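Inspection log for the structure reproduced underneath, given as structure tokens.
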Amino acid sequence: MRVKSMLNFIWAGMILLAVIYGAVSGHLAEVTNAALDSAGEAISLCITMAGVVALWMGLMEIAQKAGLVSKLTKGIGPFLRFMFPGIPKGHPAEGYIATNVIANVLGLGWACTPAGL
């Protein structure tokens, strides 16, 4: 909890410094326009990411029900047990970690995110 509040102070400080610098330098209108433009781009990115994540989550669910995830987990099981010795054998987290590792190795980009979540 302590780290979270520290990060809140850091972000608030950076925003405050940007606004103060914009006001002092006479560019407050540009700072405001940039903030509004960035907010619009953030919403657009969130909508795009939600669609991609939903697609990959659906594919991951199909792969899990088809048994593909368990086969992949068995294949890289020794590597996972070496990297994550605290996870008990047969734990559901093994499948998600295995899928995330395999998606990263294959370079599937945003496909890694749903498996990691």
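On the given criteria, is residue 26 surrounded by fewer than 12 Cβ atoms within 10 Å (Cβ to Cβ), modelled with pLDDT of 85 or more and at positive phi? Yes; evaluated as a whole, the condition is true for this residue. Of all residues in the range 65-99, which are small (Gly, Ala, Ser) and farther than 16 Å from residue 117 by Cα? Scanning the range 65-99 gives 66, 67, 70, 75, 77, 86, 90.
Assuming residue 11 fulfils every condition listed in (1) touching a Cys at 6+ places or on another chain (Cβ under 9 Å); (2) open to solvent by 90 Å² or more (accessible area, probe 1.4 Å) apart from one, which condition is it? Failed condition: (1).
The values are calculated or read from the model by the stated rules, or taken from the named source; none is laboratory data. Note that the coordinates shown come from a computational prediction; the quantities given were computed from them, not determined experimentally. Because the Cβ atoms are built from the backbone with ideal geometry, glycine has one as well, and the counts that use them run over all protein chains shown. Side chains are part of the model used for accessible areas, which takes the heavy atoms of the whole protein and leaves out ligands, DNA and RNA. Shrake-Rupley method; radii C 1.70, N 1.55, O 1.52, S 1.80 Å.
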